[in-house]
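Let me begin by presenting the structure, written as structure tokens, before commenting on it.
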Amino acid sequence: QVQLVESGGGLVQAGGSLRLSCVASGSILSINIMDWYRQAPGKQRDLIASVTSGDRTNYADSVKGRFTISRDNARKTVYLQMNNLKPEDTAVYYCHAEIFDGRYYRHATYWGQGTQVTVSQ
């Protein structure tokens, strides 16, 4: 069974940095796109960064220039380096990936359980 597990969230002061990690495990034949989403209380879940298998990246305007997404295909891991954090970045951050599942021999999308990021003034 495919799983995504995030780590690296926490409490940080405004202007600080955090690095999130998300490791994929299970019956994985290949991973296409890997994304980070976030959801603040009372708001919808928004896509903030994505990286393709060819390392093409895309960012939401709200994080462009401050966040960097990267991936290590050998470790089946995606990272989100977050710099110059602001209180409005406070949210639960979710990893998401499109994976070719070797058990069922099909493409499917998967979500991690989420990790809390809190930025104080």
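General observations
- Accessible area of segment 67-118 divided out per residue, in Å², using a probe of 1.4 angstrom: 50 Å²
- Considering only alpha-carbon pairs that sit under 8 angstrom and 6 or more positions apart, the relative contact order computed for the chain is 36 percent.
- Unit charges on C-beta of K, R, D, E only; dipole of segment 12-121, Debye: 100 debye
- Debye intensity ratio in log₁₀ form over the Cα atoms of segment 41-83, taken at each q of 0.17, 0.29, 0.33 Å⁻¹: -0.51, -1.06, -1.18
- Percentage of interatomic Cα-Cα distances in the chain larger than 22 Å: 30 percent
- Arg45 accessible area, assembled protein chains, probe 1.4 Å, Å²: 90 Å²
- Within straight-line reach of Lys76, meaning a Cα separation under 26 Å, sit the following lysines at least 8 residues removed in sequence or on another chain: Lys64.
- Note on surface exposure: Leu29, Leu18, Leu80, Leu47 rank Leu29, Leu47, Leu18, Leu80 by accessible area, highest first, 1.4 Å probe.
- Note on Ala108 and Leu29: the extension gain reaches 27.3 nm, defined as 0.36 nm multiplied by sequence separation minus the Cα-Cα distance.
- Extending 7 Å from the Cα toward the beta-carbon at both Ser7 and Thr52 defines two label points whose distance is 3.1 nm.
- Nonpolar atom fraction for the chain, defined as the carbon and sulfur part of the 1.4 Å probe accessible area, stands at 45 percent.
- Neighbourhood charge, 12 Å Cβ-Cβ cut-off, centred on Gln3 and excluding it, Lys, Arg +1 and Asp, Glu -1: -1
The values are calculated or read from the model by the stated rules, or taken from the named source; none is laboratory data. Everything numeric here is computed off the predicted structure, so don't read it as measured data. A quick note on method: Cβ atoms are made from the backbone with ideal geometry, for glycine too, and the neighbour counts reach across all protein chains shown. Accessible surface areas use protein heavy atoms only, side chains included; no ligands, DNA or RNA. Shrake-Rupley method; radii C 1.70, N 1.55, O 1.52, S 1.80 Å.
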